[in-house]
Amino acid sequence: MKHELLFGLTGALLLAPGLATATSGLPGGDHHHITITSHEGDDDLLSAGLGKTGLASAVAPAIANPLAPTAAELRRLNIWANYRALIDTTSNGGYGRLFGPNIDLDGNDTLGEGLIPGTEYRTSQNVRGVKSVTLLVQVPEHFDPEQPCIVAAPSSGSRGVYGAIGTTGEWALKRGCAVAYTDKGTGAGGHELDTNTVTLPDGTLADARDARRSALFRAEISEPARQAYIAQHPNRYAMKHAHSQDNPERAWGEATLAGIEFAFDVLNRYHQPERGKHRRGKHAGYRPHNTLVIAASVSNGGGAVIAAAEADRRGLIDAVVAQEPQINVDMRRGVTVKRGGTPVPASGLPLYDYTTYANLVQPCAALAPSVADSPFVSFVVPAFGANRCAALAAAGEISGNTLIEQAENALAKLQAHGWEADSNLLHASHFGFAVSTAVSLTYANAFMRAPVTANLCGYSMGTTDAAGLPAAPAASPMPTLWSLNNGVPPSTGINLIAEDAANGPIREALAVSTSTGLADYYWDGARCLRELLDEKRVRHSIAQTEVNGRLHGKPTLIVHGRADALVPVNHTSRPYLGLNNLAEGKRSQLSYIEVTNAQHFEAFLPFPGYDSRFIPLHYYGGVALDLMWKHLTEGAALPPSQIVRTVPRGGSPGAAPAITLGNLPPIQMHPAAADRIAVSHGTVMIPN
């Protein structure tokens, strides 16, 4: 039996058609206003009126005045961008056939455009000192007060509050559950330093001096310091995750719990059943003991739901479903990961370690002849990659007398650092799209709690011209930044600038390193980011984010793709299974599902080389949620830990046949012995 928790909103609802505000008194947080909006007809909860067709369209929703979008226009654009960022929205990839707004809970195409009317409630609060954490609750019209449910959906990556709408949000809304979203204190909040313009929680803009605490984010910088900085560094930007000086990841679990508490507040205040119903009696109101709560999300959001379950001392969460969770595992208890009976070369390293290592080595490894057919390999400039190989060799990081030998050794070094061979073909695209560099720099700033004026490791963020030089943008990215930016530049025209390059300041990819005199993808900056791993402040910040494996016996499913090159299984889900085994033993209700031919970026799946080789892990995330629902509502057993061996679509890159259920075998309740994942005394045994 869960503990009962009392909730209450203070203040009065200001009644107005379509939009209202109230004042919230959230447990443990500051008092903030609630914005309440009704969404129906051509403006629903799931798609902002775009429906299945509009979400799949590559054409962004129109904005009447691009210089001053309305909050409603920004919401629609935000939902469109975030949905497409996490889902393959092509029919050949399964959208509209196997998943999507039109597919009902039984897997049938019966829901038309999939519009889901309801009401939205948004507020913000400070969580463990992390400022301006956005909380948003969606309550669909078909929410059933007799069978109430809440699904917590923290955002993936560094995205804003709608970052999980296309994954967890869609599933939950179809079920009739209230959805408790949070941006976890990251989100696409920007500060345009030249104009002193900041983002507000609804995406609209304000002057930083006027906004003050009401801003989604504003850099902590005095006016004289801002003027001095932009005099030397014009057209630069501060971003919330990187420059808030909060290390928001330390509070992702608590932010998820705050979102659940807010959902209870909302339901008890605004969605009580009519008089005469049994809830008006002894057990009136929605409480943890009578409301089903699942915490579920993807990537950073997946890490947040695991952290929330560990921190849940109030009994809010009934179950957890985490897909490809980014977690920093506390490895001090002696976890071992084996594949095919052999210990893996490295496991349980924190994100900052393996990401800065990837940023160092990937541009060289991308030139290895053994991965010459990597998707987007052309995005890595051969001359720049060769110069990085030379810098790595000179530093003793790799070996080899020829470029081919060096590149192949770099690829081998990535495997030795914990990546599976299944990820080999993905390193080129991850570096070519600046994923490794962007994540390394964002987390370096967050973990160092560095102000934007620090230009940490010689980097800044700003707009550039065609030559890569800092320049005023043709149009400011700020009006739509909240909607379109992923929170980790380069994004929406805000690029990474190498301030200390020999030819700088210049866009980082074009930088000539001072130490080498070569265009080598800014070796100086990459090496500096790597060396920060030894900084006391970085190590302390990483320790603040570590998970401990204690899930309090909550039923939990973790689903992860074996080929994940951004969040490698050897550093996250696999060792977490061992850590949980040590922490909970026979009390554990965790099952780990590892899916072959699955990687991190679903939005890449329509592109040549991705389409023919990789399947949508999103499909299995939905299956896992269905299995958990049946477990909680019908008492059905959960599947044991296992490998799911999928079948790639095949065909020519860029012309793969349409995916079918034949490519996507089910998660088995009784997997074959060769597919079973075992764990004992902290040792995780993964079959080949």
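The values are calculated or read from the model by the stated rules, or taken from the named source; none is laboratory data. These numbers come from a predicted model, not from an experiment. Note that each Cβ is placed from the backbone with ideal geometry, even for glycine, and that neighbours are counted across all protein chains shown. These area figures cover heavy atoms from the full protein model, side chains too; ligands, DNA and RNA do not enter into them. Shrake-Rupley method; radii C 1.70, N 1.55, O 1.52, S 1.80 Å.
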Treating only Lys and Arg (+1) and Asp and Glu (-1) as charged, each at its beta carbon, one finds that region 101-202 has a dipole about its Cα centre, in Debye to the nearest 20, of 580 debye
Potential extension, Ala68-Ser91 segment - 0.36 nm per residue separation minus Cα distance
4.8 nm
Sort 288-301, 365-378, 631-644 for me by packing, meaning the mean count of neighbouring Cβ atoms within 10 Å per residue, highest on top.
288-301, 365-378, 631-644
Computed from the beta carbon distance with a Förster radius of 60 Å, FRET efficiency for Ala228 and His289 to the nearest 0.05 stands at 0.60
Sequence-distant residues sharing a close amide H with Tyr95 (under 5 Å, placed H)
Thr90
In nm, the gap between the two label points placed 7 Å beyond Cα toward Cβ at Ala372 and Glu220 is 5.3 nm
Averaged per residue, the 1.4 Å probe accessible area of region 31-73, protein heavy atoms only, in Å², is roughly 49 Å²
Ignoring ligands, DNA and RNA, please state the percent of accessible area on the chain from carbon and sulfur, probe 1.4 Å.
53 percent
Lys/Arg Cβ at +1, Asp/Glu Cβ at -1, dipole of the chain taken about the Cα centre: which of Gly253, Leu55, Thr123 is farthest positive-ward?
Gly253
Gyration tensor on Cα atoms of region 438-515, a ≥ b ≥ c root eigenvalues, a/c under 1.5 rounded, else prolate if a/b beats b/c, else oblate, says oblate
If each part is reduced to its alpha-carbon centroid, region 228-246 and region 286-342 end up apart, in Å, by 34 Å
Output the relative contact order of the chain, whole-number percent, from Cα pairs under 8 angstrom with separation of 6+ residues.
14 percent
Give Lys52/Lys240; Lys240/Lys554; Lys131/Lys184; Lys184/Lys240; Lys131/Lys174 a once-over and call out the pairs whose C-alpha atoms are over 21 Å from each other.
Lys52/Lys240; Lys240/Lys554; Lys131/Lys174
FRET E, pair Lys630, Ala58, Förster distance 41 Å, beta-carbon r, rounded to 0.05
0.70
Per residue of region 133-146, in order, report the coupling 6.51 cos²θ - 1.76 cosθ + 1.60 (Karplus, θ = phi - 60°) as ³J(HN,Hα) in whole Hz, putting x for Gly and Pro.
7, 7, 10, 9, 10, 10, 10, x, 4, 8, 4, 9, x, 7
Would you be so kind as to identify which of Pro382, Ala502, His618 lies farthest towards the positive end of the dipole of the chain, taking Lys and Arg as +1 and Asp and Glu as -1 on Cβ and the Cα centre as origin?
His618
Let me know the charge dipole size of region 186-308 about its Cα centre in debye, to the nearest 20, where only the beta-carbon of Lys, Arg (+1) and Asp, Glu (-1) is charged.
780 debye
If I stretch the segment between Arg449 and His552 completely, what's the gain in nm (0.36 nm per residue apart, minus their alpha carbon distance), one decimal?
33.9 nm
Just want the answer: with Cβ charges of +1 for Lys and Arg and -1 for Asp and Glu, which residue in His241, Leu582, Ile36 is farthest toward the dipole's positive end in the chain?
Leu582
Per residue, in Å², the accessible surface of region 140-202 once ligands and nucleic acids are set aside, probe 1.4 Å
18 Å²
Distance in nm between Arg212 and Glu146 label points, each 7 Å along Cα→Cβ, equals 5.1 nm
With a point put 7 Å past each Cα toward its Cβ, work out how far Met669 is from Ala466 in nm, to one decimal.
6.4 nm
Using a 7 Å offset from Cα along Cα-Cβ at Thr596, what residues in region 660-688 end up with backbone N under 18 Å from the label point?
660-678, 685-688
Once the principal axes of the Cα atoms of region 525-638 are found, what is the range along each, listed largest first in whole angstroms?
54, 42, 17
Sorted from largest down, give the three principal axis spans of the alpha carbons of the chain, whole angstrom values.
82, 65, 47
Per residue accessible area in Å² of region 515-647, where ligands, DNA and RNA are left out and the probe is 1.4 Å
32 Å²
Separation between Cα centres of region 628-688 and region 187-220, rounded to whole Å
44 Å
So, with +1 on the Cβ of K and R and -1 on the Cβ of D and E, and no other charges, what is the size of the charge dipole of the chain about its Cα centre, to the nearest 20 debye?
1580 debye
Calculated from backbone phi, Karplus (6.51, -1.76, 1.60) coupling profile of region 255-261 in Hz, x at Gly/Pro
5, 5, 5, 4, x, 5, 4
Using only the heavy atoms of the protein chains and a 1.4 Å probe, how would Cys457, Cys528, Cys177 rank by accessible area, largest first?
Cys528, Cys457, Cys177
Can you give me the long-range amide H partners of Thr572? Hydrogens built in the peptide plane at 1.01 Å from N, cutoff under 5 Å, separation of 5 or more residues or another chain.
Gly348
